[in-house]
Amino acid sequence: THTHTHTHRFLFIALIKMGSSDTTVTTMTSSSPRSISPSSSSSLAPPLPSVVVSPCAACKILRRRCAEKCVLAPYFPPTDPLKFTTAHRVFGASNIIKFLQELPECQRCDAVSSMVYEANARLRDPVYGCAGAICHLQKQVSELQAQLAKAQAELVNMQCQQANLMALVCMEMSQDSSQQSSFDYFITSPQTNQSFLDDNNLGTSLWDPLWT
């Protein structure tokens, strides 16, 4: 009996030791994540700040979500809402989108500029639109062409008058120079001087009887 009691006590102590060792292992395994959690949290990158993209003027006016590949966004920036408002009043957003989708991207910018110009002209002149502005400009061009033709005719006339005046001046100058040369020849010619002296002597001989 004493031997059995001693054996049971030994087994009980062994079980207690085994239980304490399991508890220690369990505690270590359960506490290990806590010990590495600071290092793991420090290794994680901080979250990036969210980028807020402002919707284009078209989507903002239409009160709809501006998609990433919005057709209207490249041509109606949020800083110029009047541009889309004017085009939308005349053509409508659906028609504008349809026009742009039917065109290649290289022509869409010019198409938007044309639509905005036409919309502004249509608001100024609801009847004729840009056709009225074109007719007005053509009328101005015709008037300016007529004024230009008149000015060119006057210029040709003045050039002709100037040419005639220069020819007349040259003719008078040539005549004056010829007369001057003739006079100089008359003065410097020895025959002329001798005949002039002979005439003077002849005149003196004619007057001599009168004095005597």
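The values are calculated or read from the model by the stated rules, or taken from the named source; none is laboratory data. Quick caveat: nothing in here was measured; it's all calculated off a predicted structure. Heads up, the Cβs are rebuilt from the backbone with ideal geometry, glycines too, and the neighbour counts pull from every protein chain shown.
Scan region 90-144 for residues that are over 24 Å from residue 63 (Cα atoms) and not in a helix (DSSP H, G or I) and jot them down. Selection gives 103, 104, 125, 126, 127, 128, 129.
So which residues in region 148-167 are polar (S, T, N, Q) and under 38 Å from the mean Cα position of the chain (by Cα), if there are any at all? Answer for region 148-167, where residues must be polar (S, T, N, Q) and under 38 Å from the mean Cα position of the chain (by Cα): just 152. Restricting region 65-95 to residues that are modelled with pLDDT of 90 or more and among the basic types (Lys, Arg) leaves a set whose member that is farthest from residue 129 (Cα to Cα) is 65. So for region 71-87 (the condition being surrounded by fewer than 18 Cβ atoms within 10 Å (Cβ to Cβ) and among the basic types (Lys, Arg)), does at least one residue qualify? Within region 71-87, not a single residue is surrounded by fewer than 18 Cβ atoms within 10 Å (Cβ to Cβ) and among the basic types (Lys, Arg).
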